[in-house]
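Visitor: Shown below is the structure under consideration.
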Amino acid sequence: MAIDDLVGALERAAAAEAEALLAGARAEAERLRAEAEQAQSRTLDDERERFRATRQAEADIRVAGAALEWRGRVLAERVAALERLRQAVTTELPSLLAGAGGERLFDLLAGAALAATAGEPGVARCPRRFVDRCRTLAAAWPQVRVDADDAAGAGVLVDVGDGRLLIAATLEVMLQRWWPQLRLEAVEPAVQRPERVAV
């Protein structure tokens with residue numbers, strides 16, 4: 001083979017090898033670029049998700065704070081309204097004894113108070129209009145004296161054992177005793193919490 005032919009063959013082989021190397025380098029560069037783009041895309045997605053999660057957490061905190069404030073206002077308004085109701089009802093309690101069925105109601109209150117003396121001496125106090133009725137009921141407990149006292153409230157108060165014990169069978173005392181539970185039942189229903197706001 002002539003020298004020129006040999007040189008030409010070597011040059012062609014070198015060129016082919018260089019082209020192959022260049023093609024491989026281009027492919028590797030393309031692969032690296034694609035991987036970089038994917039990594040950048042994942043990073044952007046992660047950043048967007050972190051940003052969204054942060055904004056959602058901030059919104060949840062604001063909504064929770066607003067919900068607590070709103071619930072507090074609603075509960076405070078309910079408590080105030082219930083207190084006004086309690087005062088109004090307390091004012092009207094004596095009229096329950098003056099109305100229809102009042103005498104029977106008084107008999108139940110007085111009977112319970114007198115029975116609670118358990119034979120101990122005492123002094124029963126009730127509104128003047130019920131004194132005779134109370135004395136009739138107290139005939140079964142001769143150790144109890146009955147006095148008129150319009151300040152006794154809607155029912156009967158019995159001082160037992162020289163004032164060592166006060167038996168209070170009045171509508172006012174019953175309301176006072178039941179009021180905490182009544183108020184709890186009125187206030188307890190859950191105030192609906194505002195829905196979560198998506199951001």
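Visitor: Where does helix 102-115 land angle-wise versus the long Cα axis of the chain, in degrees 0 to 90, nearest 10?
Guide: 90 degrees
Visitor: Given (1) 153, 31, 25; (2) 58, 38, 27; (3) 68, 34, 32, which label gives Cα extents along the principal axes in Å as computed from the coordinates?
Guide: Entry (1).
Visitor: Here is a further query. What value, in deg cm²/dmol to 500, does the helix sum -39500 (n - 2.57) over DSSP H runs of n ≥ 4 give at 222 nm once divided by the residues of the chain?
Guide: Rounded to the nearest 500, the figure is -24500 deg cm²/dmol.
Visitor: Can you give the local net charge around GLU120? Use residues other than it whose beta-carbon is closer than 12 angstrom to its beta-carbon, Lys and Arg +1, Asp and Glu -1.
Guide: Once all neighbours under 12 Å are counted, the net charge is -1.
Visitor: Going by average Cβ density within 10 Å per residue, which order do the peptides 80-90, 37-47, 131-141 take, highest to lowest?
Guide: Packing proxy ranking, top to bottom: 131-141, 80-90, 37-47.
Visitor: Taking the Cα centroid of the stretch 48-69 and of the stretch 108-157, what is the distance between the two, rounded to the nearest whole Å?
Guide: Here the answer is 64 Å between Cα centres.
Visitor: For a quick check: with amide H placed at 1.01 Å from N, whose amide H comes under 5 Å from THR170's, ignoring anything fewer than 5 positions away on the same chain?
Guide: Distant-sequence amide H within range of THR170: VAL156.
Visitor: May I ask for the net charge around PRO142, where only other residues with Cβ less than 13 Å from the Cβ of PRO142 are counted and Lys, Arg are +1 while Asp, Glu are -1?
Guide: +1
Here, each number is a calculation from the coordinates, and none is a lab measurement. Remember, it's a predicted structure, so these values are computed and weren't measured experimentally. Because the Cβ atoms are built from the backbone with ideal geometry, glycine has one as well, and the counts that use them run over all protein chains shown.
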